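A.B. asks: Below is one structure. I have some questions about it.
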2 protein chains.
Amino acid sequence: MHVLITGAAGMIGRKLTARLVKDGALHGRTIDALTLIDVIPPEKPAGFIGRLDLAATDLSAPGVAEAVVAGRPGVIFHLAAIVSGEAETDFDKGYRINLDGTRALLEAIRKVGDGYRPKVVFTSSVAAFGAPFPEAIPDEFHLTPLTSYGTQKAICELLLADYTRRGFLEGVAIRLPTISVRPGKPNRAASGFFSSIIREPLAGMDAVLPVDESVRHWHASPRTAVSFMIHAADLTAAQLGPRVALTMPGVCCTVGEQIEALTRVAGDKFASRIRREPDPMIARIVAGWPSRFDPRRALALGFACERSFDEIIRVHIEDELGGNV
Amino acid sequence: MHVLITGAAGMIGRKLTARLVKDGALHGRTIDALTLIDVIPPEKPAGFIGRLDLAATDLSAPGVAEAVVAGRPGVIFHLAAIVSGEAETDFDKGYRINLDGTRALLEAIRKVGDGYRPKVVFTSSVAAFGAPFPEAIPDEFHLTPLTSYGTQKAICELLLADYTRRGFLEGVAIRLPTISVRPGKPNRAASGFFSSIIREPLAGMDAVLPVDESVRHWHASPRTAVSFMIHAADLTAAQLGPRVALTMPGVCCTVGEQIEALTRVAGDKFASRIRREPDPMIARIVAGWPSRFDPRRALALGFACERSFDEIIRVHIEDELGGNV
């Protein structure tokens, strides 16, 4: 089996790569070829014995998508995107990367023809929803995003469904919760603080909290995000039906509850590292995001996540800090 | 005031043009310039005394959209689209006209800049929804179209909302019911039979019914569709909020009830002109369409339509047949 990952140099892309290389197979089929692309050069994963192609390339540039699918990967994990904050500040870049890049990929797949019909797992986002919301958002709730990023994700979901319906590919879009705790440095996502208020204190550094502690949000760990993608790649067209976009399960909690979990899991000394610095732009973006879902379809299809933010913090300590704080 | 109509040569475009020329004004402001574009040459409307520009042109072709908005029309009625049947049989053309043409228009508006912020009334469709449905579809129900046409309309709604939110224009999308009774010749819309089973018998001709009489659908007259557009052009950003797409009211009835209304309104001799010829492709497309809505937002915002299919037939007889059958 040949697997392609776009956005492979990103945090989730690297974790997905590592998991696939470690497993050596995807749902029982040996991975004998792996293509990793990103706008920044993807790292060579350690220990992969199959054919490996790495490329620093931009799917939205002419001819790139055609070249990328020429090798007919059977499973494509399409993660490439710029994040919410950047899509909001750079309108052109957001549409180019997040919409045109995805469309170029889908079109390139369609134009291969000849019976080629790969599985395409697309990472959408709960930012595709927009306030006002019911208390728990059902699977049938409409997408009325309040950011350009959310708009681009919602449009790509529609394209993926239509290309699937037309038989050009087998798509599944998974609306990821905010990924917490993100390892590494802060990125330009407006949601970055949800992670940094945990990650920085645990690393002995100060963190900035730009919103009120009452802000409620929907979280899953990076490890769980990868497990969602792997699970999605195994769903059949019969299981999915025509509604190929699924809201993923997550942990619903407030920023205040995140901080309480930090104290419970790691001890008393960390919460004092969090500095309150209200940021109206961040607060405005986040206020339009959803905080609680009722993701029945995904649960019925076997997607599973952490049960509490305590557990999410423990995953971070295990996976990123070698089990030590 | 300068008004632009795209798709001006289509049935609704011509009726909208005629109404605007007859009124001479839009919500109290005199119309002193009118630009009419379409891929086929728009006819010169009789009796318009202001500046008139007519052009046979394709918005999706390079440079066309920029040229069209260079005159800075204050109100744009964006009707240009290919119909559902054609978008389903010609994938490339559907995306080019219905998606790329709309995006080119929005981009051209954005690039004018300099405080230019026109009102854009976009005609979307209930085909943006896809089965399975609740008995009456609420305003918060998700868009999961089952045709490429519906997908293109749903994507354009998302773009319009984002361009509105970013302040590039003031958009409003109205999801039109199926327009019945369409005058003139059949077009390639899969929904065409809903009109032809009324129109052809009243004109002394046979009509073909490709689906079962139990098929239920959502209708409004051409006259009402025009009144929806005029009303939409007067809504303020404060009235709309960020959810700029509205499902329009309509008349819900079965094909059988349409035929009964025909007999009630026009007499006994017409229904026998309807020939049953089942068409599986039409039946499949129509089966994925919605049939009943609960359009509370539109009703609260003052949109109104016929109360019965009898009334829709009477409007057809008045507007198209000079009051005579």
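A.B. asks: For the structure I just gave you, tell me whether residue A:190 is modelled with pLDDT of 95 or more and under 16 Å from the mean Cα position of the chain (by Cα).
C.D. replies: So residue A:190 fails the test.
A.B. asks: Further, regarding this structure: If residue A:83 passes every condition in (1) within 13 Å of chain B (Cβ to nearest Cβ); (2) touching a residue at least 24 places away in the same chain (Cβ under 8 Å); (3) surrounded by fewer than 21 Cβ atoms within 10 Å (Cβ to Cβ) but one, which one does it miss?
C.D. replies: If we test residue A:83 against (1) within 13 Å of chain B (Cβ to nearest Cβ); (2) touching a residue at least 24 places away in the same chain (Cβ under 8 Å); (3) surrounded by fewer than 21 Cβ atoms within 10 Å (Cβ to Cβ), just (1) comes out false.
A.B. asks: Please verify whether residue B:275 is part of a loop (DSSP other than H, G, I, E, B), modelled with pLDDT of 95 or more, loosely packed, with under 14 Cβ neighbours inside 10 Å and not small (Gly, Ala, Ser), treating the condition exactly as stated.
C.D. replies: no
A.B. asks: Considering A:21, A:75, which residue is farther than 30 Å from residue B:166 by Cα and in contact with a Lys or Arg (Cβ under 7 Å, 6 or more places away or on another chain)?
C.D. replies: Going through A:21, A:75 in turn, the sole match is A:75.
A.B. asks: Within region A:158-174, take every residue that is touching a residue at least 12 places away in the same chain (Cβ under 8 Å) and within 26 Å of residue A:287 (Cβ to Cβ) and give me the one that is surrounded by the fewest Cβ atoms within 10 Å (Cβ to Cβ).
C.D. replies: The selected residue is A:174.
A.B. asks: Give the number of residues within region B:23-36 that are among the polar types (S, T, N, Q) and touching a strand residue (DSSP E or B) at 6+ places or on another chain (Cβ under 8 Å).
C.D. replies: The total comes to 1.
A.B. asks: Would you tally the residues in region A:202-214 being surrounded by 21 or more Cβ atoms within 10 Å (Cβ to Cβ) and under 16 Å from residue A:309 (Cα atoms)?
C.D. replies: 1
A.B. asks: So in region A:71-87, with the set limited to residues that are touching a Ser or Thr at 6+ places or on another chain (Cβ under 8 Å) and outside any loop (DSSP other than H, G, I, E, B), which one is modelled with the lowest pLDDT?
C.D. replies: Checking each candidate, the answer is A:84.
A.B. asks: Continuing with the same structure: Would you be able to say whether some residue in region B:270-287 is under 30 Å from residue B:161 (Cβ atoms) and in contact with a Lys or Arg (Cβ under 7 Å, 6 or more places away or on another chain)?
C.D. replies: Checking region B:270-287: not a single residue is under 30 Å from residue B:161 (Cβ atoms) and in contact with a Lys or Arg (Cβ under 7 Å, 6 or more places away or on another chain).
A.B. asks: Something else now. Name the residue, out of B:151, B:164, that is out of contact with any Lys or Arg (no Cβ under 9 Å at 6 or more places or on another chain) and within 14 Å of chain A (Cβ to nearest Cβ).
C.D. replies: Details: B:151 fails: out of contact with any Lys or Arg (no Cβ under 9 Å at 6 or more places or on another chain).
Exactly one residue qualifies, and that residue is B:164.
A.B. asks: Take the residues in region A:118-133 that are of a type in the set (A, V, I, L, M) and within 13 Å of another protein chain (Cβ to nearest Cβ), then tell me which one is surrounded by the fewest Cβ atoms within 10 Å (Cβ to Cβ).
C.D. replies: Only one residue fits best here, namely A:131.
A.B. asks: Just checking, how many residues over region B:134-144 are more than 7 Å from chain A (Cβ to nearest Cβ) and either of a type in the set (A, V, I, L, M, F, W, C) or buried (at least 24 other Cβ atoms within 10 Å of the Cβ) (or both)?
C.D. replies: 2
A.B. asks: Sticking with this structure for a sec: Pick from region A:235-267 the residues that are part of a loop (DSSP other than H, G, I, E, B) and buried (at least 17 other Cβ atoms within 10 Å of the Cβ): which of them is nearest to the other protein chains (Cβ to nearest Cβ)?
C.D. replies: For region A:235-267, the residue satisfying everything is A:243.
A.B. asks: Shifting gears a bit: Quick one: which residue in A:186, A:210, A:177 is away from chain B (no Cβ under 14 Å) and without any contact (Cβ under 8 Å) to a residue 60 or more places away in the chain?
C.D. replies: That would be A:186, the only listed residue that is away from chain B (no Cβ under 14 Å) and without any contact (Cβ under 8 Å) to a residue 60 or more places away in the chain.
A.B. asks: Do any residues in region B:250-277 that are of a type in the set (Phe, Trp, Tyr) have Cβ atoms under 8 Å from those of residues that are surrounded by fewer than 20 Cβ atoms within 10 Å (Cβ to Cβ) and part of a helix (DSSP H, G or I), where the two are at least six apart or on different chains, and which pairs are they?
C.D. replies: What qualifies is B:270/B:263.
A.B. asks: When you look at residue A:114, is it within 28 Å of residue A:67 (Cβ to Cβ), free of Cβ contacts under 8 Å to residues at least 40 places away in the same chain and within 12 Å of chain B (Cβ to nearest Cβ), yes or no?
C.D. replies: no
A.B. asks: Scan region A:37-73 for residues that are in contact with a strand residue (DSSP E or B) (Cβ under 8 Å, 6 or more places away or on another chain), within 20 Å of residue A:170 (Cα to Cα) and crowded, with 18+ Cβ neighbours inside 10 Å and jot them down.
C.D. replies: Passing the criteria: A:59, A:68, A:69, A:73.
A.B. asks: Then there is this: What number of residues within region B:8-35 satisfy the criterion of being in contact with a Pro (Cβ under 7 Å, 6 or more places away or on another chain) and in contact (Cβ under 8 Å) with a residue 60 or more places away in the chain?
C.D. replies: Within region B:8-35, residues that are in contact with a Pro (Cβ under 7 Å, 6 or more places away or on another chain) and in contact (Cβ under 8 Å) with a residue 60 or more places away in the chain number 4.
A.B. asks: It is to be established whether one or more residues within region A:128-138 are without any contact (Cβ under 8 Å) to a residue 12 or more places away in the chain and closer than 26 Å to residue A:71 by Cα.
C.D. replies: Within region A:128-138, the subset without any contact (Cβ under 8 Å) to a residue 12 or more places away in the chain is A:132, A:134.
Now restrict to residues that are closer than 26 Å to residue A:71 by Cα: none.
No, every residue in region A:128-138 fails to be without any contact (Cβ under 8 Å) to a residue 12 or more places away in the chain and closer than 26 Å to residue A:71 by Cα.
The values are calculated or read from the model by the stated rules, or taken from the named source; none is laboratory data. Everything numeric here is computed off the predicted structure, so don't read it as measured data. For neighbour counting, all protein chains shown are included, and Cβ atoms are generated from backbone atoms with ideal geometry for every residue, glycine included.
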